[in-house]
Amino acid sequence: MGEITVSVVGSKNPNWFDTHQIPKNAAYAIPDEAATRLMTASLDVTDPTAATRVVSDAVDHFGRIDVLVNNAGYGLITAFEEMSPEQIHQQFATNVYGVMNVTRAVLPVMRRQRSGHLFTIASMGGYLGGSRGTAYAASKFAVAGFTESLALELEEFGITATIVGPGYFRTDFLDKSSAIEPATLIEDYRASNAAFRAATETANHAQQGDPNALGRLLVEIAAERKPPLHLPVGADAVQLVEQHHNSVLNDIKAWRAKSSNTAFNAG
């Protein structure tokens, strides 16, 4: 579930749409005048071979790849005890290994170019945990850590990276097609589950974040010579990430003396 994404990249071949089977919803938001500069391809991000094939096709059409946006993912939103091991595995297969598969396919191209920019769409849930989001947050923490580390490895090649941490944006993320139902229902969680689901149903498709505004921001950042590595997006994400980091600092301050006094020669 959630493992199929659509990659939309520029194309110099105006007949590409006529000679390939295009997913019907792939380019619905693309202006007509830009459509001839696009290539679309269905991609199962959990399949490394498919990722390599799509990247190769893109290079054949464009000659290069300047920007990669890793956006495939979905939410497994329920109490941890109600998740099956198979559901958690699939969450990581899509949200984490999918990002790695596509990135691994693109990096040789960017290294040859000695340029490129990677966007990893994480989440504010990649900076702070949340109830009913244990597996999802774990997957987003994972790709945030992956991207932060990868950025250090790629500096010498002129390749940059940005971890995008959106708050609540008006997408289908909270729909049942994305937010997977629990494998097991546990009575002790019934009341809090009901309250949580009522809140998400109220928020669904009423989120304040505008995906189009986020898209324009990414275009702007892609043109920056020194793009940010960390980018919480949306007033809610900015506020919550700041609060989380302040909480971490408060814990460090409160326990600084004792946590620092742990060397062999301490005390």
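For a quick check of your reading: which helices (runs of 4 or more DSSP H) sit entirely within the range 40-147 and have at least 2 residues that are over 30 Å from SER192 (Cα atoms), open to solvent by less than 50 Å² (accessible area, probe 1.4 Å) and not acidic (Asp, Glu)?
Qualifying helices (runs of 4 or more DSSP H): 48-62, 97-113.
Entry remark, the range 251-264: residues being in a helix (DSSP H, G or I), more than 23 Å from ALA122 (Cβ to Cβ) and open to solvent by 90 Å² or more (accessible area, probe 1.4 Å) number 4 in total.
From the list ILE180, ILE163, the lone residue that is under 28 Å from MET100 (Cα atoms), surrounded by 17 or more Cβ atoms within 10 Å (Cβ to Cβ), modelled with pLDDT of 90 or more and not hydroxyl-bearing (Ser, Thr, Tyr) is ILE163.
Taken as a whole, the structure places PHE146 among residues that are out of contact with any His (no Cβ under 9 Å at 6 or more places or on another chain) and modelled with pLDDT of 95 or more.
Go through the residues of the range 49-62 one by one and say whether even a single one is within 18 Å of the chain's Cα centre (by Cα), more than 18 Å from SER123 (Cα to Cα) and in contact (Cβ under 8 Å) with a residue 12 or more places away in the chain. Steps first, answer last, please.
First, pick out the residues of the range 49-62 that are within 18 Å of the chain's Cα centre (by Cα): 51.
Restricting the remaining residues to those that are more than 18 Å from SER123 (Cα to Cα) gives 51.
Now narrow it down to the ones that are in contact (Cβ under 8 Å) with a residue 12 or more places away in the chain: 51.
Checking the range 49-62: at least one residue is within 18 Å of the chain's Cα centre (by Cα), more than 18 Å from SER123 (Cα to Cα) and in contact (Cβ under 8 Å) with a residue 12 or more places away in the chain.
The C-beta contact set for the range 228-240 (first residue touching a residue at least 40 places away in the same chain (Cβ under 8 Å), second residue open to solvent by 50 Å² or more (accessible area, probe 1.4 Å) and assigned to a loop (DSSP other than H, G, I, E, B), distance under 7 angstrom, 6+ apart or interchain) comprises GLY234/TYR168; ASP236/TYR168.
The values are calculated or read from the model by the stated rules, or taken from the named source; none is laboratory data. Please read all numbers here as calculations on a predicted model, not as lab measurements. Please note: Cβ atoms are built from the backbone with ideal geometry, for glycine as well, and neighbour counts cover all protein chains shown. Only protein heavy atoms, including side chains, enter the accessible area calculation; ligands, DNA and RNA are left aside. Shrake-Rupley method; radii C 1.70, N 1.55, O 1.52, S 1.80 Å.
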